[in-house]
Amino acid sequence: MSEVAVMIAAFSGGGGAVATAIVSDFANYDRAVLQWQGDVSVTLSAYENDATFGDDNHIHVDNPGDMDRLQSATGGYLVRLGDGSVGDGLMAEVYTFPSGMTGAAPNVKLVAEAEITSGNCGQELNAQSIQVSPSGGTAALDLTMIMPECDTVGDFLILQNMFEDLTIASR
């Protein structure tokens, strides 16, 4: 999330590792991250170029795009990090868009959603959004809320104002 990236892995047994890397093309990309802990059914969607739900340009965990889109500056790419099978594991979805390579202002609407499930209904939800522009400017927002009761299982909540759309953020 910065030109000099630091990655830290820590394990419950006390072991871990630290690595650093220089991201030489950092200024070419906008990045949006949604992170949470545990299985709370949170997801990040990017609607590129006026896409609607389910379109090819609706980028999400089940339609993540690919690195070819980034390299050709035709669209973004989303990756989910973490292991959902770990009980209280840390999870994140990272969306990257080549805004510094397109030659025009991006047109991307970013949306965070939470599905109400039998595992999270009535429970506290904690999530954080992080948005990084090519200039290195960073914005973060923490969210804590109680999920609706279990009679609403299957519904989705739009987590308002977690991100700025890339058209707004680039101005």
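The values are calculated or read from the model by the stated rules, or taken from the named source; none is laboratory data. Everything numeric in this text was worked out from a predicted model, so none of it was measured. No Cβ is skipped: glycine too gets one built from the backbone with ideal geometry, and neighbour counts run over all protein chains shown. The protein model used for the area step is the full one, side chains on, heavy atoms only, and it has no ligands, DNA or RNA in it. Shrake-Rupley method; radii C 1.70, N 1.55, O 1.52, S 1.80 Å.
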Report yes if residue 157 is of a type outside the set (Lys, Arg), at pLDDT 90 or above and within 12 Å of the chain's Cα centre (by Cα), otherwise no.
no
Would you confirm, using the coordinates I've provided, whether residue 165 is acidic (Asp, Glu) and open to solvent by less than 70 Å² (accessible area, probe 1.4 Å)?
yes
Mind counting the residues in segment 36-95 that are within 30 Å of residue 12 (Cβ to Cβ) and in a strand (DSSP E or B)?
15
All but one of (1) open to solvent by 30 Å² or more (accessible area, probe 1.4 Å); (2) under 30 Å from residue 24 (Cα atoms); (3) touching a residue at least 40 places away in the same chain (Cβ under 8 Å); (4) in contact with a strand residue (DSSP E or B) (Cβ under 6 Å, 6 or more places away or on another chain) hold for residue 135, so report the exception by its number.
(4)
Filtered residues of segment 115-129 (kept if assigned to a loop (DSSP other than H, G, I, E, B), hydroxyl-bearing (Ser, Thr, Tyr) and surrounded by 15 or more Cβ atoms within 10 Å (Cβ to Cβ))
117
Scan segment 43-58 and give yes if some residue there is open to solvent by less than 20 Å² (accessible area, probe 1.4 Å) and either among the charged types (D, E, K, R) or more than 18 Å from the chain's Cα centre (by Cα) (or both), otherwise no.
yes
Scan of segment 1-14 for residues that are under 27 Å from residue 98 (Cα atoms) and either open to solvent by less than 60 Å² (accessible area, probe 1.4 Å) or charged (D, E, K, R) (or both), ordered by number:
2, 3, 5
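Would you check if residue 17 is surrounded by fewer than 19 Cβ atoms within 10 Å (Cβ to Cβ) and part of a helix (DSSP H, G or I)?
Details: surrounded by fewer than 19 Cβ atoms within 10 Å (Cβ to Cβ): yes; part of a helix (DSSP H, G or I): no.
No: the conditions fail for residue 17.
For segment 12-22, state whether one or more residues are within 29 Å of residue 155 (Cβ to Cβ) and modelled with pLDDT of 90 or more. Working first, answer last.
Keep residues of segment 12-22 that are within 29 Å of residue 155 (Cβ to Cβ), which gives none.
Checking segment 12-22: not a single residue is within 29 Å of residue 155 (Cβ to Cβ) and modelled with pLDDT of 90 or more.
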Do any residues in segment 53-81 that are more than 21 Å from residue 28 (Cβ to Cβ) have Cβ atoms under 6 Å from those of residues that are among the aromatic types (Phe, Trp, Tyr), where the two are at least six apart or on different chains, and which pairs are they?
58/47
Which of the numbered conditions does residue 32 fail, given that it passes all the others? Conditions: (1) open to solvent by 60 Å² or more (accessible area, probe 1.4 Å); (2) outside any loop (DSSP other than H, G, I, E, B); (3) not basic (Lys, Arg).
(1)
I'd like to know if segment 95-114 contains one or more residues that are within 15 Å of the chain's Cα centre (by Cα), polar (S, T, N, Q), open to solvent by less than 70 Å² (accessible area, probe 1.4 Å) and under 21 Å from residue 31 (Cβ atoms).
yes
